1. For n ≥ 4 DSSP H runs only, could you compute -39500 (n - 2.57) per run for the chain, divide by its residues and tell me the 222 nm figure to the nearest 500?
2. Which FRET efficiency value, to the nearest 0.05, do you get for S63 and F15 by plugging their Cβ-Cβ distance into 1/(1 + (r/R0)^6) with R0 = 30 Å?
3. Which far-off residues, 5 or more places away or on another chain, put their amide H under 5 Å from the one on H126, with H placed in the peptide plane?
4. Taking the Cα centre of the chain as the origin and placing charges on Cβ (Lys, Arg +1; Asp, Glu -1), which of N97, Y124, L30 is farthest toward the positive end of the dipole?
5. Quick one: putting +1 on the C-beta of Lys and Arg, -1 on the C-beta of Asp and Glu, what dipole do you get for the chain around its Cα centre, in Debye to the nearest 20?
6. ³J(HN,Hα) across segment 118-133 via Karplus (A = 6.51, B = -1.76, C = 1.60, θ = phi - 60°), whole Hz, x for Gly/Pro?
7. Return a whole-number percent for the relative contact order of segment 2-135, with Cα pairs under 8 Å and 6 or more residues apart as the contact set.
8. Counting DSSP beta bridges in the chain, what percent are antiparallel, to the nearest 5?
Amino acid sequence: MILAVCVDDNMGMLFNGRRQSQDREVRRQLLEDAGARTLWMSAYSAKQFPEEQEKERFRIDESFWDKAQAEDWCFVEAAVPAGKKAAIMQLVLFKWNRVYPADTYFDISLKGWKLAERGEFKGYSHETITKEVYIR
């Protein structure tokens, strides 16, 4: 599976059960990258996507970890279950390029992953967002 996640400079993801930030340009980039492939996420994450988006390719399920196939994308805003880390073949990190308060952190070590792509784009609410793609 391909895992997409947003993180701050300290790899923070959530604070007090809420996302640190959001940006519509990240969502646009995520949808473009996923193309026609299935995009899995929780109901919490699905609230970011407006109703006019292509909901038929979205799969909203709290247990998506058990249902996502190898070619599917998963957009994650919370911790990755330890038993599912081996199934992840590609990581897409959207970095906010700042530090926010956090109590939940992205806990997959990048050691052993190869940085395949790195680029920046202008966000809607963030001056610069960095996108990094890692492969095994």
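1. -3000 deg cm²/dmol
2. The pair S63/F15 has a calculated efficiency of 0.80.
3. Amide H to amide H, under 5 Å and 5 or more residues apart or across chains, H126 pairs with nothing.
4. Checking the options against the dipole of the chain, the answer is N97.
5. Result for the chain is approximately 260 debye, rounded to the nearest 20.
6. Result, ordered by residue: 9, x, 10, 8, 7, x, 7, 9, 10, 4, 9, 10, 9, 10, 10, 10 Hz.
7. Here the relative contact order equals 38 percent.
8. Around 55 percent antiparallel, to the nearest 5.
Every number in this text was worked out from the coordinates using simple rules, so none of it is lab data. Since the structure is predicted, the reported quantities are computational estimates derived from the model, not experimental observations. Positions of Cβ are generated from backbone atoms using ideal geometry, with glycine treated the same way; all protein chains shown enter the neighbour counts.
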